[in-house]
Amino acid sequence: MERKVQTRREGLPELPNLNGQKPILRFAPNPNGPLSFGHSRGLVINGEYAKDLDGELILRFDDTDTTVKPPMMEAYDSIPIQQEWLCGFPAHRIVIASERMEHYHEYAKKMLDGGFGYVCTCSAEDFKVHRVGMTECPCRDNSIDENLERWSKMNDPKEYQPGDAVLRVKTDMTLKNPALRDWPAARIQTNPHPRVGNRWRVWPLLDFQSAVEDYLQGVTHIIRGKDLMDSTRKQTLLYAHFGWEYPETIYWGRVKVHEFGAFSTSQMKRDIAEGKFSGWEDPRLPTLTALSRRGIQPEALRAFWVELGLTQKDIAVPLSTLYSHNTKAIDIKAPRLSFVRNAFPVVLNGEYPKEGTIQSHSDTEMPPRKYSIDEGVWIEKEDSSKPIRLKDLCDIDADGNVESIDRSDKRPVVHWVAGGTSSKLVIASGQDLETVEGILEDNTHPVGTIVQLERIGYAILEEDGLLMVHD
RNA sequence: GCUCGUAUAGUGUAGUGGCCCAUCAUGAAGCCCUCUCGAGGCUUCGACCCGGGUUCAAAUCCCGGUACGAGCACCA
């Protein structure tokens, strides 16, 4: 009996409603800090589609909030670098929202002119009562002229102050979903923006700014977290007012990586300021710079996210899944090296080759490593005082007497160092930084080389020691 | 409370009515190879949330239940 082999879809699912067009995708972080692991999903998914379908990836800085999550100037420079590192190509366009404010103002005014927006002077608390009670606020029925006048008052420093008035999109106060009822589109902020200072007073909120910008840029597909589902619905209502067609939208669910815990950009910023972490590159942090420093390869990150796919399911994945992809990326080019922790000296008695070479990598043609022994070697304390096989050298008994050059039995094979240099291996485990002292085999690999420490795992050579990649 | 969404092995994932006693990866266990607890090869383990309905036929469609998650900000 023959059974047909089931066809399994490889990679990302097909993009819906492509209709032969090249997709225009975007990834829009808030530049209030460097990119982190969480951002990498959006970058990878949007980037892979843009690359595979010969479309375009827009990198957009949604930096219209100067109060709650104010922008950080260095992020404007670091984010494009991190984006290119991760995606493997630079974004086709970079859009900075704070420099396109005149467009948002233009469409805000069109909204008022068209009678589908209004300036609301109710307090947030008062409006909440209307939202919950499905009642209309008094500002809703004001004339277009009244609204235009109030709009200019919002923009006038001598008139409305922050909190006095917001611009709202007129939807329907009896909509089933409370989130959609006359949602806010813009508000007054007087904190200076790091890029454009106090040039603007009325700033758009995400749902409005993003919607207008997606339209202006001709975005065809929006792929984002399902927490933004209501954003889509709000923006679709706005698009209907303008007579635009909303892009195809796809969502992914929440991802929890247990080892990373709950890091937020603002929390990390505080912890770094308090000295809890050494900086954005601290190997304990889930930032892209830290991951890169720790030897995580961009292709591993890409394979990881593509494999998780685009389901709306909430998932929890262990970091070991990412590590498994990373091993595939680094093993083939990682030279082997010995690092002896808790070094214990063993004097060798008997005949054995005092000089020789050992393979650097059993599956590649890497130049072999040389060793030279005076009278003994270092082994790990845990391996001492029992018969062992010194890897690639000889069998010895518990006292260091050489028993055989060839492997004679199934005794454990142990790594060792002759000479060597004392070094340290730093291991980031959760919130802790563990340092292990040891002796590293002499080598000429440059800083930044990812090596495999035999019987320990992968590590990256740094100026002052070794940083554990993963095992 | 209201609204929206999701539910396949330990963890992820494929699968849109019959090729499914369910795919692939990861994980665990074991074997082979290898002078690493690495890499590679092989074997084994292990799942369609529950209850109804539609149908000749349901993991797949419909309805309830349950669980989990998200939104209801003058944050993104």
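The values are calculated or read from the model by the stated rules, or taken from the named source; none is laboratory data. The shown structure was predicted, so the numbers you read here are calculated from the model rather than taken from an experiment. All Cβ positions, glycine included, derive from the backbone under ideal geometry; neighbour counts span all protein chains shown. Note: areas computed on protein heavy atoms with side chains; ligands, DNA, RNA excluded. Shrake-Rupley method; radii C 1.70, N 1.55, O 1.52, S 1.80 Å.
Here are the numbers for this structure:
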{"read-out": "Sulfur and carbon atoms: percent of accessible area, chain A [1.4 Å]", "value": "50"}
{"read-out": "Inter-site label distance for A:T135 and A:K328 at 7 Å from Cα along Cβ, in nm", "value": "6.0"}
{"read-out": "Evaluated over segment A:257-332, the Cα radius of gyration and Dmax, each in Å", "value": "13.8, 40"}
{"read-out": "Nearby aspartates and glutamates by direct alpha-carbon distance to A:K313 (threshold 13 angstrom, same-chain neighbours under 8 apart not counted)", "value": "A:D227"}
{"read-out": "For chain A, with +1 on Lys and Arg beta carbons and -1 on Asp and Glu, the positive-most of A:A428, A:V469, A:W200 along the dipole", "value": "A:W200"}
{"read-out": "Spatially proximal aspartates and glutamates relative to A:K370 (Cα-Cα < 20 Å; intrachain offsets below 8 disregarded)", "value": "A:E351, A:E355, A:D392, A:D395, A:D406, A:E441, A:D442, A:E454"}
{"read-out": "Helical contribution to [θ] at 222 nm, DSSP H n ≥ 4, -39,500 (n - 2.57), averaged over chain A, rounded to 500", "value": "-8500 deg cm²/dmol"}
{"read-out": "Rough spin-label spacing in nm, given labels placed 7 Å along Cα→Cβ, for A:L175 and A:I81", "value": "4.2"}
{"read-out": "Test item: Cα-centred dipole of chain A, Lys/Arg +1 and Asp/Glu -1 on Cβ, debye", "value": "1500"}
{"read-out": "Kirkwood hydrodynamic radius (C-alpha pairs) into Stokes-Einstein, chain A, 4 °C and 1.567 mPa s, D in µm²/s", "value": "49"}
{"read-out": "Average accessible surface area per residue within chain A, 1.4 Å rolling probe, Å²", "value": "49"}
{"read-out": "Lysines whose Cα lies under 19 Å from that of A:K109, excluding same-chain neighbours fewer than 8 positions away", "value": "A:K153, A:K170, A:K234"}
{"read-out": "Cα Rg over Rh - segment A:334-470, Kirkwood", "value": "0.97"}
{"read-out": "Protection proxy ranking, peptides A:32-42, A:267-277, average beta carbon neighbours within 10 Å, highest first", "value": "A:32-42, A:267-277"}
{"read-out": "Farthest toward positive dipole pole in chain A [+1 Lys/Arg, -1 Asp/Glu at C-beta], among A:I315, A:A300, A:A211", "value": "A:A211"}
{"read-out": "Gain upon complete extension [A:T444, A:E14; 0.36 nm per residue less C-alpha separation]", "value": "150.1 nm"}
